[in-house]
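Novice: Right, I'll just put the structure down here and ask away after.
The numbers here are math on the coordinates, done by the rules we state, and not lab data. Note that this is a predicted model, so its numbers are computed, not measured. So basically every Cβ, Gly included, is an ideal-geometry build from the backbone, and we count neighbours across all protein chains shown.
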Amino acid sequence: MDAMSTVPKTWTRDTGSVEKRDVWSAMKRGFRGRCPRCGQGKLFRAFLKVDDHCSVCRLDFTPHRADDLPAYLVIVIVGHIVVPTVLLIETNYSPPAWFAFVTYLPFTLIASLALLQPVKGTVVGLQWALRMHGFDDNAPSEIPPV
Ligand SMILES: [Zn+2]
């Protein structure tokens, strides 16, 4: 009667049972610009260009989908440092305008550039550890990658 499929479509406790990946170590390795699986190979081939695969363990990096998240996170992090500091200095000391141009702006620029690659590596490490997008080896084939 039911000729649609012989594969059960019911999710059970064992359906998704796969080896757990350590999220924190993968994120730390990504923060250092290293492969989230082995921690040895380089994650980036350029400043923000993720390499195609790990040179040591051959992990395929192409399934990552960091997109704009690292930039948003850097804005949040740097903004939470710069804005309270500027408010504190401006309300208590009222420095001249040139002070803002020689301190706040360079700090914001340098901090943003310094954090972009580590934050992107952290996001890629998180995606790998959580088997997001194409990092899941056992993903059902009928679900297209996002
Ligand atoms: Zn590796």
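Novice: Given Cβ point charges of +1 (Lys, Arg) and -1 (Asp, Glu) and nothing else, what value in debye, to the nearest 20, does the dipole of the stretch 23-134 about its Cα centre take?
Specialist: Around 600 debye, computed over the stretch 23-134.
Novice: Oh, and also: For the stretch 14-146, please report how many Lys pairs fall under 17 Å Cα to Cα, leaving out neighbours fewer than 8 apart on the same chain.
Specialist: Details: Lys20/Lys28; Lys28/Lys42; Lys28/Lys120; Lys42/Lys120; Lys49/Lys120.
Lysine pairs satisfying the spacing and distance rule in the stretch 14-146 number 5.
Novice: Pulled fully out, how much extra length does the chain show between Thr103 and Leu88, if you take 0.36 nm times their separation in residues and subtract their Cα-Cα distance?
Specialist: Once the chain is fully extended between Thr103 and Leu88, it gains 4.0 nm.
Novice: Hand me the chymotrypsin sites (Phe, Trp or Tyr not before Pro) from the stretch 16-53 located in a DSSP loop with no more than 15 other Cβ atoms within 10 Å, in residue order please.
Specialist: Taking the stretch 16-53 and a limit of 15 other Cβ atoms within 10 Å, the loop chymotrypsin sites (Phe, Trp or Tyr not before Pro) found are Phe47.
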